[in-house]
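Report on one structure; see the data block that follows.
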Amino acid sequence: MKQISVTDMIAVEEFEIARGTSVEALMQRAGAGLAQAVISFVEEEGESSHCALALVGSGKNGGDAIIALIHLLDAGWECRALLLAKRPANDLLLQELSRRAIPQFSITEADEGKTISQALLGVDVVLDGILGTGFKNPIKPDLAAWMTQLQQGILAQPKKPLVFAVDCPSGVDCTSGYAEACVLPADVTVSMAGIKQGLLRFPAFEFVGKNICVDIGLSEENTLWKDTVDEVVDEAMVLAALPKRGLTTHKGSHGGVMVCGGSIHYVGAPVLAATAAYKVGAGLVRIASTEFIQSGFASSLPEAVWLLLNSEVGAISEDAAEIILKNLEGVDALLIGPGLGREATTTKFLRKILESRSAQNNSRRMGFADSISTENLSSGAQNANRGSLPPMVIDADGLRVLAEQPEWWTLLAANTILTPHPGEMAQLTGLSTEQVQADRLRVAKEYACKWGCVVVLKGACTVVAAPDNRSATIPIATAALAKAGTGDVLAGMISGLLAQGMPAYSAAFCGAWLHGRAGVIAAEIQGNKRTPIASDLFESLALVFELLEGGGA
């Protein structure tokens, strides 16, 4: 699914209108798509009785809702409309409602909620077409009061009706993500062509529910739409990108991962990452860490192979870099960072690894800028020369160590993946955490391009950005992932996918989506978002794959 700014979507529609498509035709397509989305969703939910109420404002969203209502009437639904704003006296859509004998309710200033109660009686589905994507606060007091009454009335029904937002929940700003107190929370938001960017910001995202995009028939000549490279990750996108597993494959077919990390203060992090790499399908995972870590955790992951590194003050020592560099045969993805620590010796260790092939890495960066697409940066292609560094994922303390180096990005190969949380992103960029969070999509894209690598900006609605300006936003936010160790699991998952030959960008957005869904399902299994811990994600990840490959994630 594409995401697009309100400004760009207006330009996309204006292009269609300029080449001869009327506003009415676009609305007809949107309304028909909305109706079909409602019918399909309700059928999947197994509902039998169908009564729909359209909440109609003065703009095009209100028109879309009326058109959808007429299509639902033709499909055998009971339908009614509640008008919350004046529409033109000669409005053909209102005339069509009258011609079809669809009941119309109108609210007046003197109304005390009686009209709303009447309109909602027995309704299964509410189509929210009150306000559109161009809304800017504040809402007029009368309308705000009516929307509050609607909130209360919907919740007061014996069986809560499903609320379908037309392009956006009424009361949210589709640019900034601002939300009015009277916003109508949607169970489903049906986006026209693409998801509006502000809906992936907070607090707006809290009111969006499930997002469905409908086709409104944009032309092949609409280059602004075709060139839109910002996406929202969904099941189909992940399933199409994941590597297939044949019946005759063996462990060597699915790549090798080396996880390098661990220190006396963070003993479990590399094991969590290694387990995650196995769980997403990597064939062989090696943990490069100290004897102290190996002695405590070898039995907890017997499938792992260990590479013992020299230690100093409880952390990996500088001279361990040589051990890593001499043991990269069969390593298709190298993860550095989980539990690494930030002692002076580990800083020198990481820099030695990055500088080991700096000349070759710089030549790759030049080639990337001239001719290489991120999609071509598979682990097999990049690691054909076993003397070079394999594709890398740098996470956690690895990022903090990196940030201490001047112009550190010049040391990275073009297919490196960085996985910062907002605080780490602030350190890497020199911005404040507040600046990072204020415009996550722009910041991730800007620095992915500057650094020439894939950036996974973690957090609610994780943003994955590629050096060629593409982005993929993960439409998932759950407090179940707000625990130590979940970032190690994510880094391991991305590394495991990278090792299987996936391009860096695809491995990153697939790993982030799978990780987010695993968090959601872990909370569902345990019945709350408080108790899941990082290791619980492994059980739920198996369910994510089962649902995804069975078509039900």
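Grab the DSSP H runs of the chain that are 4 residues or longer, score each as -39,500 (n - 2.57), total them, divide by all residues and round the 222 nm result to the nearest 500 deg cm²/dmol.
On the way: 21 runs with 229 residues, N = 553.
Result for the chain, helices only: -12500 deg cm²/dmol.
Using θ = phi - 60° and the Karplus relation 6.51 cos²θ - 1.76 cosθ + 1.60, list the HN-Hα couplings for the range 521-529 in order, rounded to whole Hz, with x at every Gly or Pro.
Once θ is set to phi - 60°, the couplings for the range 521-529 become 5, 4, 5, 5, 4, 8, x, 6, 9 Hz.
Skipping prolines and chain starts, which residues have an amide H placed within reach, meaning under 5 Å, of the one on Ser176, given they are 5 or more residues away or on another chain?
Sorted by chain and number, the residues that satisfy this come to none at all.
Count the DSSP beta bridges whose two residues both fall in the chain, then state the antiparallel fraction as a percent rounded to the nearest 5. Display every interim value, and only then the final one.
On the way: 11 of 64 bridges.
Counting DSSP beta bridges with both partners in the chain, the antiparallel share is about 15 percent.
Average projected area of the Cα convex hull of the range 3-226, in nm²?
Working: hull surface 47.5 nm².
The Cα convex hull of the range 3-226, projected and averaged over all directions, gives 11.9 nm².
Based on the Kirkwood radius over alpha-carbon pairs, what is the Stokes-Einstein translational diffusion coefficient of the chain at 20 °C with 1.002 mPa s viscosity, in µm²/s? Don't skip to the answer; put the middle values down first.
Numbers: Rh = 25.2 Å.
This corresponds to a translational diffusion coefficient of 85 µm²/s.
Where both partners of a DSSP beta bridge lie in the range 3-226, what percent of those bridges are antiparallel, to the nearest 5? Walk me through the numbers before you get to the answer.
Values: 1 of 29 bridges.
Roughly 5 percent of the beta bridges in the range 3-226 run antiparallel, per DSSP.
Counting Lys +1, Arg +1, Asp -1, Glu -1, what net charge surrounds Leu34 among other residues with beta carbon under 13 Å of its beta carbon? If you can, show how the numbers build up before the last one.
On the way: positive: Arg29, Lys60; negative: Asp64, Asp128, Asp167, Asp215.
The answer is -2.
How much of the DSSP bridge set in the range 115-225 is antiparallel, in percent, rounded to the nearest 5?
10 percent
Which pairs break 23 Å Cα to Cα here: Lys86/Lys136; Lys136/Lys450; Lys326/Lys352; Lys326/Lys348? Kindly include the intermediate steps, with their values, before the conclusion.
Values: Lys86/Lys136 19 Å; Lys136/Lys450 33 Å; Lys326/Lys352 13 Å; Lys326/Lys348 17 Å.
Violating the 23 Å limit, Cα to Cα: Lys136/Lys450.
Counting only other residues whose beta carbon sits under 12 Å from that of Val443, what net charge do I get with K and R as +1, D and E as -1? Intermediate results must be reported in sequence, preceding the final value.
Values: positive: Arg440, Arg442, Lys445, Lys450; negative: Glu434, Asp439, Glu446.
Cβ neighbours under 12 Å give a net charge of +1.
Using DSSP loop states and a limit of at most 16 other Cβ atoms within 10 Å to flag GluC sites (Glu not before Pro), what is the longest stretch of the chain containing no flagged site? Don't jump to the answer; show the numbers that get you there.
Numbers: sites that count: Glu47, Glu109, Glu112, Glu220, Glu221, Glu303, Glu329, Glu404, Glu407.
For GluC sites (Glu not before Pro) (loop position, at most 16 other Cβ atoms within 10 Å), the longest site-free span of the chain is 408-553.
For the range 228-310, run through the trypsin sites (Lys or Arg not before Pro) and keep only the ones in DSSP coil with at most 12 other Cβ atoms within 10 Å of their Cβ. All intermediate terms of the calculation are to be shown ahead of the outcome.
On the way: sites: Lys244, Arg245, Lys251, Lys279, Arg286; in loops: Lys244, Arg245.
Of the trypsin sites (Lys or Arg not before Pro), the ones in loops of the range 228-310 whose Cβ has at most 12 other Cβ atoms within 10 Å are Lys244, Arg245.
Since every read-out is calculated from the coordinates, none of them should be taken as a lab result. Just so we're clear, the structure is a prediction, and the values are computed from it rather than from any experiment. Reconstructed Cβ throughout: ideal geometry from the backbone, glycine too, with neighbour counts over all protein chains shown.
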